[in-house]
Amino acid sequence: MRFLLGESMGGAVALLLHRKKPNYWNGAILSAPMCKMAEDMKPHPIVAAILNRVCNWIPTWKAMNSQDIVEVAFKEPDVRQKIRENDLCYKGPCLMKTGYELYRIATDLEQRLNEVSLPFLVLHGEEDKVTDEKASALLFEVASSKDKSVKQYPGMWHGLLYGEPQHNIDIVFNDIITWLDKRAVPGISKI
């Protein structure tokens, strides 16, 4: 059996993988997926076109005005500290080309959410300030999948899988395991 797990931008990657090979995957767990840009964050189409051109000349320009994602994504201070100390984590402002690509992918996914046909579970913290929980609700509403579930967690933030207090993480993983147990049946595969 083949299941996708994607968190945030990884949720966008999981949806793109599904779209590339729609019959290959048995299901997906999407934690706070980036599948639509919040309306108040969308640039005007003319601005987006200009950004596209500018990004090709100065892709690493740190011109995007962005908040400290680590501070608003992970509730637990010790998790935030570990992320800040991790040399492999990018800690600066969003780069011009990165910001444009996130916009482009989120816009593309939003326009094609109806093509999501695999079984999926969407998880979203109601206090998420990184990805829009309305996007998760929209995915649930318009996806063509016959087997779709959404779980919203009051008081939880963006990092549901590791940025919350342990009792909250246990709740989220229990929901994931329960969902998988009903779908990961031995002997059933798409091979």
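Computed from the coordinates by the stated procedures, all read-outs in this text should not be read as laboratory data. Quantities reported herein were computed from a predicted structural model and do not represent experimental measurements. Because the Cβ atoms are built from the backbone with ideal geometry, glycine has one as well, and the counts that use them run over all protein chains shown.
Of a type in the set (Asp, Glu) and assigned to a loop (DSSP other than H, G, I, E, B), is that true of Glu127? Taking the combined requirement at face value, the residue satisfies it. Scanning the range 118-148 for residues being out of contact with any His (no Cβ under 8 Å at 6 or more places or on another chain) and either at positive phi or touching a residue at least 60 places away in the same chain (Cβ under 8 Å) (or both) gives a total of 12. Only one of (1) within 27 Å of Ile83 (Cβ to Cβ); (2) hydroxyl-bearing (Ser, Thr, Tyr); (3) out of contact with any strand residue (DSSP E or B) (no Cβ under 6 Å at 6 or more places or on another chain) fails for Thr178. Which number is that? Unmet condition: (1). Criterion applied to Arg112, Arg104, Arg84 was being under 16 Å from Ile69 (Cβ atoms) and among the basic types (Lys, Arg), and the one residue passing it is Arg84. Of Glu133, Glu71, Glu127, all but one fail to be within 19 Å of the chain's Cα centre (by Cα), among the charged types (D, E, K, R) and within 25 Å of Gly27 (Cα to Cα); the exception is Glu133.
Please state which one of Lys75, Lys42, Lys62 is touching a Pro at 6+ places or on another chain (Cβ under 8 Å), surrounded by 15 or more Cβ atoms within 10 Å (Cβ to Cβ) and not acidic (Asp, Glu). Criteria check complete, one pass: Lys75.
The helices (runs of 4 or more DSSP H) falling completely within the range 1-117 that include 3 or more residues that are touching a strand residue (DSSP E or B) at 6+ places or on another chain (Cβ under 8 Å) map to 9-20.
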